[in-house]
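Shown next, in structure tokens, is the structure this report addresses.
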Amino acid sequence: MASGVLGRPLHLRELGFQRRERKGGVRASRAAQGVASPDSHVKRIPGKLEADVVVIGSGVGGLCCAGLLAKYGQDVLVLESHDLPGGAAHSFEVKGFKFDSGPSLFSGFQSRGLQANPLAQVLDALDESVQCASYNSWMVYVPEGDFLSRIGPTEFISDLAKYAGADAVREWKQLLDAVIPMSAAAMALPPLAIRGDWGVLSTAAARYAPSLLKSFIQMGPQGAIGATKLLRPFSDIVESLKLKDPFILNWLDLLSFLLAGVKSDGVLSAEMVYMFAEWYKPGSSLEYPLHGSGAIVDALVRGIRKFGGRLALGTHVDSIIVENGRAVGVQLSSGLSVRARKAVVSNASMWDTLNLLPAESVPSSYRDKVNKTQQCESFLHLHLGFDAKDIPEDLEIHHIVVNDWKRGVDADQNVVLISIPSVLGKELAPTGKHVLHAYTPGTEPYDIWEGLDRRSSEYKKLKAERSEVMWQAVERVLGPGFDRNKCEVKLVGTPLTHQRFLRRKRGTYGPAIRAGEDAFPGHSTPLPQLFCCGDSTFPGIGIPAVAASGAIVANSLVSVSQHQELLDAIGI
């Protein structure tokens, strides 16, 4: 699943909807600034100002963690700064157009059982589902030409033959022959079986040893040897196969970057092998939630509340309370505190979590490691609402534009992703209209934006200049019938948007951790009772990964027997 990020409050302000800031007295003004009175916070938080587990942030990782904890019978409370849950994956509405703020490319929602997508397994545990439309292609605009890239083992080969040649076809077949058998090993141990203590020997090692052994036997000696590279960079597999075709190498870098924010020499082989299994096996398809990415968030929230969990919106956490070296709760911007009897779980990034902690409570070694971790760059976003009258009727839902392979897929202003979800989800736009989300995927440098006043002419000029690459990509996709001046909704988001509204340090996509050089941190911290989930933790960046991280933390906070019962209940 690909990802992108944006926060809803930006859109209201950029459209000029600032009524709360301009009128309504002192209380309204404080609320608009994210500082509410203690009384309003008490009303926002259902129940008592305490819980077994307090979760900071309602991103997908935090919601998955909270949902499973509620399912386990824990008293869990999620605290979210914004007025909508979902973090980078929420949806928002402007003038009847319903936009995805981030992720738009999904697969694996309908899968069930041992090899299901981690998010699908969490939803299954919560007895929730998401209504999706299935499709099997997306449009690609690359220097070699424009073509419809199809999902499946043989469909893509015909595209390669036409646009890349016989060598590319031969190497792609060679890659599939090597990688697809490895998927049995990559998927034989479901992330939901993992926990952060020695109980993992029971819930994972012993429970799935037979399926792991069976997968190795089925792969044969050569496949089993290849599977030993699953925890190495994917480029190791590519190099071992002696793949050299330029298009194949570029394509693999592109898929790697979309998946994890790094090229093939930095992405974990297991992640790529898992993706190949979802995209290039017989019967593969992509899926899109008919009601937008917000439908995923809604399903997780329903699951939390169904089992007695609580969610408080518009409730900002200022700091984590540490007493006697243990995390025991959180301090809110209102001045109120919420106590955590068992644990505090942070769904914020590693850098933002660090900033929530009292400086004296954090070992210098931990602080130094976090501060030295390299960050991915940020995003530019373009959200549009427009009339479909003069737009081609046979539009694909997804489009990707690569301007120059030589610059690299991680170069700024080089790759643009475009999603037009109203192609499948008709209710996402008014009748006869389309919604569109274009973005540069984690390649926008923060440095050129740093220190700018968002109200200044300099900031507005830079937005216009830097967003032009997205406008040109959109015009290429939609054809001559599209007129940017006639769009009913036009919203541009910048790295400062991320930093301000999603509270992401430097607006980052997440840690730029390269496989083989370092590993994503685990979920525990030097402080007892403080845990972390989300894209700063194992398994990493992306919707399936953050869902898995939330599940691992939830599992770690309950007994092995409860964990085993859950695995039995969802049939894995």
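The values are calculated or read from the model by the stated rules, or taken from the named source; none is laboratory data. Since we're looking at a predicted model, the values are computed, not measured. With ideal geometry, Cβ positions are generated from the backbone for all residues, glycine too; neighbour counts draw on all protein chains shown. These area figures cover heavy atoms from the full protein model, side chains too; ligands, DNA and RNA do not enter into them. Shrake-Rupley method; radii C 1.70, N 1.55, O 1.52, S 1.80 Å.
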| query | List, please: which pairs have Cβ atoms under 7 Å, are six or more places apart or on different chains, and start with a residue in the stretch 119-142 that is in contact (Cβ under 8 Å) with a residue 40 or more places away in the chain and closer than 30 Å to ALA70 by Cα and end with one that is open to solvent by less than 10 Å² (accessible area, probe 1.4 Å) and hydroxyl-bearing (Ser, Thr, Tyr)? | reply | CYS132/TYR288; ALA133/TYR288
| note | Of (1) among the acidic types (Asp, Glu); (2) under 16 Å from VAL492 (Cβ atoms); (3) in contact (Cβ under 8 Å) with a residue 24 or more places away in the chain; (4) assigned to a helix (DSSP H, G or I), GLU427 satisfies every one except (2)
| said: Let me confirm something: among ALA464, ALA515, ALA473, which residue is among the aliphatic types (A, V, I, L, M) and part of a loop (DSSP other than H, G, I, E, B)? | reply: ALA515
| query | Restricted to the stretch 35-70, and to residues that are open to solvent by 40 Å² or more (accessible area, probe 1.4 Å) and assigned to a loop (DSSP other than H, G, I, E, B), which residue is modelled with the lowest pLDDT? | reply | VAL35
| query | Here are some residues: ALA359, ALA348, ALA411, ALA327. Which one is hydrophobic (A, V, I, L, M, F, W, C), more than 30 Å from ASP253 (Cα to Cα) and touching a strand residue (DSSP E or B) at 6+ places or on another chain (Cβ under 8 Å)? | reply | ALA327
| Selection from the stretch 76-109 of residues that are of a type in the set (A, V, I, L, M) and either part of a loop (DSSP other than H, G, I, E, B) or closer than 24 Å to ARG305 by Cα (or both) | VAL76, LEU77, VAL78, LEU79, LEU84, ALA88, ALA89, LEU105
| task | Please find, within the stretch 221-258, the residue that is surrounded by the most Cβ atoms within 10 Å (Cβ to Cβ) out of those that are modelled with pLDDT of 90 or more and part of a loop (DSSP other than H, G, I, E, B). | result | LEU243
| request: Report yes if some residue within the stretch 514-531 is on the phi < 0 side of the Ramachandran plot and touching a His at 6+ places or on another chain (Cβ under 8 Å); otherwise report no. | output: yes
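Does LYS263 meet the test of being closer than 30 Å to ARG407 by Cα and either more than 21 Å from the chain's Cα centre (by Cα) or without any contact (Cβ under 8 Å) to a residue 24 or more places away in the chain (or both)?
So LYS263 fails the test.
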| field | Members of the stretch 503-525 that are under 15 Å from the mean Cα position of the chain (by Cα) and open to solvent by less than 30 Å² (accessible area, probe 1.4 Å) | value | GLY507, THR508, TYR509, GLY510, PRO511, ALA512
| task | Residue by residue through the stretch 271-306, note down the ones that are part of a helix (DSSP H, G or I) and farther than 27 Å from LEU69 by Cα. | result | MET272, VAL273, MET275, PHE276, ALA277, GLU278, TRP279, TYR280
| message | If the requirement is being within 19 Å of ILE397 (Cα to Cα), touching a Cys at 6+ places or on another chain (Cβ under 9 Å) and open to solvent by less than 30 Å² (accessible area, probe 1.4 Å), which of these qualifies: PHE147, PHE156, PHE99, PHE106? | response | PHE106
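Of all residues being among the small types (Gly, Ala, Ser) and buried (at least 22 other Cβ atoms within 10 Å of the Cβ) in the stretch 468-502, which is modelled with the highest pLDDT? Just the residue, please. Give the derivation first.
Step one: of the stretch 468-502, the residues among the small types (Gly, Ala, Ser) are 473, 479, 481, 493.
Next cut, buried (at least 22 other Cβ atoms within 10 Å of the Cβ) only: 473, 493.
Values: ALA473: 97, GLY493: 92.
Selected residue: ALA473.
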| message | Name the residue that is farthest from ALA70 (Cα to Cα), counting only residues in the stretch 546-563 that are in a helix (DSSP H, G or I) and open to solvent by 10 Å² or more (accessible area, probe 1.4 Å). | response | VAL546
| GLN110 in contact with a His (Cβ under 9 Å, 6 or more places away or on another chain) and either over 22 Å from ILE552 (Cβ atoms) or at pLDDT below 85 (or both) | no
| Taking the condition in a loop (DSSP other than H, G, I, E, B), among the basic types (Lys, Arg) and either surrounded by fewer than 23 Cβ atoms within 10 Å (Cβ to Cβ) or modelled with pLDDT under 95 (or both), does LYS342 pass? | no
